[in-house]
Amino acid sequence: MYFQDRYLTEEQRMMRDTSRQYVDHVVIPFIRQDRTREWRMDPMERLAPRILEQADAAGLRSLGVPERFGGVALDPSTQSQTLAVIATELARGDSGLADKLVQNWKISVLIAQFASEELQRHWFTRYMAEPQFLMAHCLTEPRGASDRWLPYNVPEVNMDTKAVLDGDHWVINGRKQFISNGYDASLYVVYANTDDSVGMQQGTSSFLVPRETPGLEVTGCNETIGGRFMNNGEIVFEDCRVPIDHLLVHNDALGKAGIYFRPGKVLVAAKSLGIGLGAYEETVTFVHERVQGGKVLIKHQAVALRIADMATRLEAVAALLRHAALAVDEQSSDADALCNMVKVFASREIVQVCQHAMELHGGYGAMLEVGIEKYMRDALINLHSDGTSDVSNFKIVRAMFPETAGRYAGSE
Ligand SMILES: Cc1cc2nc3c(=O)[nH]c(=O)nc-3n(C[C@H](O)[C@H](O)[C@H](O)COP(=O)(O)OP(=O)(O)OC[C@H]3O[C@@H](n4cnc5c(N)ncnc54)[C@H](O)[C@@H]3O)c2cc1C
């Protein structure tokens, strides 16, 4: 591979190598072995249990879990950058698997920050003991998600999911949709309205809800165009009672969730980059082997130009990704704009990279058993992950011009 790693710290190099070894020896052979698996098999059967077991053995599941509970501690001053390096490698193997693990990392960070010591001990102990244990983050509802990302901060568009205090329990009622890991998670972070007199930024709380809680029902698994090794689910809460200490953040949950919203956008970009690298690597091999017009494809100038374009887009995404992840780690004033910029830029550029890959593969690009079409499907998912491109662009402008553009999405 051409791409250099001159910017990596020792820790990042080590984590990159660990992830790469896992992806090259475990994930890629598994994906290639049977490409019909993601379409043919029941969601719960698609990913063989050994894939998460081996991720666990490599220390790739427990990022974000505090060291005292057995987690892998990353240098906090470069954490987003390091997670981006790891997520890129994982998505090079399979982006659905990367989604699964990234959700676990982000929610581990949130629990470590806001849950009581007793709850942390309980849930991290279980998490560390069960390699198939997944976590999910429930924000989106049928009435929409962009309003929540912007956010459109007026009481009329508050979350329909409500939580009401009843004695020593919170009672949750509502519905969440499109939730990553939602179908097979063991533990949910649920956002619900707890004060209808104010906008959602002042009146939304977050709760830890174990799957087995009476009143929580997983009603379905969404079949998606890509990222199909991550099971996206629908969840209904009907008089779902959680103990009072399962409240993570009262009323300011959207503000406090910033600890994973910003790195989350960097990680969407990292996953896009990983998909693009996978498509690029396979295409480079193909154009060095496939002969048309009496010579290998790379010797045809039109083909060579497309390879240059793919490589340039990948380098540009990688450079902006490093820059944005650094800003997030430094909590600098441009971090908000940069993490949205890289999410939008990476998702669009990588779709273009995948289009080149498909076109350069000719008819093979469309064949399920070749695997190039999978990169395109996986790349398309990231156009709206963690906010659509348009909504993310609003957030960029709002971050740059808070006094003018910053005010159109809520009350003046
Ligand atoms: C595979 C997958 C995984 C996901 N994982 C999760 C998860 O783990 N947790 C979770 O909570 N959610 C998750 N989501 C939901 C995701 O965040 C939302 O789908 C996304 O934010 C868009 O929201 P929406 O689908 O409600 O579209 P809408 O908000 O209805 O948007 C529809 C269109 O309208 C545009 N639009 C909306 N508002 C405005 C405006 N004010 N001005 C101009 N244009 C506007 C949007 O840009 C978009 O083009 C996931 C979705 C998918 C498909």
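Applying the criterion of being within 21 Å of the chain's Cα centre (by Cα) and buried (at least 21 other Cβ atoms within 10 Å of the Cβ) to the residues of segment 346-371, the residue that is nearest to F30 (Cα to Cα) is C354.
Only residues that are surrounded by fewer than 20 Cβ atoms within 10 Å (Cβ to Cβ), out of contact with any helix residue (DSSP H, G or I) (no Cβ under 9 Å at 6 or more places or on another chain) and under 19 Å from A257 (Cα atoms) were counted in segment 118-149, giving 0.
Taken over segment 241-293, residues that are part of a helix (DSSP H, G or I) and either touching a residue at least 40 places away in the same chain (Cβ under 8 Å) or surrounded by 22 or more Cβ atoms within 10 Å (Cβ to Cβ) (or both) amount to 34. Only one of the listed residues (D386, D334, D329) is buried (at least 19 other Cβ atoms within 10 Å of the Cβ) and away from the ligand (no atom under 11 Å from the Cβ). That residue is D329.
Those helices (runs of 4 or more DSSP H) of segment 94-172 in which at least 1 residues are in the same structural domain as F30 (by TED's automatic domain parsing) and within 16 Å of the ligand (Cβ to nearest atom), considering only elements entirely within it, cover 95-114. Kindly check whether there is at least one residue in segment 42-57 that is not in a helix (DSSP H, G or I) and not small (G, A, S). Yes: one or more hits.
Which residues, taken from segment 227-245, are within 16 Å of the ligand (Cβ to nearest atom) and out of contact with any helix residue (DSSP H, G or I) (no Cβ under 6 Å at 6 or more places or on another chain)?
Residues satisfying the conditions are N232, G233, E234, I235, V236, F237.
Hey, does segment 258-273 have a residue that's at pLDDT 95 or above and touching a Phe, Trp or Tyr at 6+ places or on another chain (Cβ under 7 Å)? No, segment 258-273 contains no residue that is at pLDDT 95 or above and touching a Phe, Trp or Tyr at 6+ places or on another chain (Cβ under 7 Å).
Each residue in segment 173-187 was checked for being on the phi < 0 side of the Ramachandran plot, part of a loop (DSSP other than H, G, I, E, B) and within 13 Å of the ligand (Cβ to nearest atom), and 5 pass.
Picking from T224, T219, which residue would you name as being modelled with pLDDT of 95 or more, out of contact with any Ser or Thr (no Cβ under 7 Å at 6 or more places or on another chain), away from the ligand (no atom under 14 Å from the Cβ) and not assigned by TED's automatic domain parsing to the domain that holds A98?
Of the residues listed, the single one that is modelled with pLDDT of 95 or more, out of contact with any Ser or Thr (no Cβ under 7 Å at 6 or more places or on another chain), away from the ligand (no atom under 14 Å from the Cβ) and not assigned by TED's automatic domain parsing to the domain that holds A98 is T219.
For the structure I just gave you, tell me whether S95 is touching a helix residue (DSSP H, G or I) at 6+ places or on another chain (Cβ under 6 Å), under 30 Å from L247 (Cα atoms), of a type in the set (S, T, Y) and buried (at least 19 other Cβ atoms within 10 Å of the Cβ). So S95 fails the test.
The values are calculated or read from the model by the stated rules, or taken from the named source; none is laboratory data. Just so you know, these numbers come straight off a predicted model, no measurement behind them. Don't worry about glycine lacking a Cβ; one is built from the backbone with ideal geometry, like all the others, and counts go over all protein chains shown.
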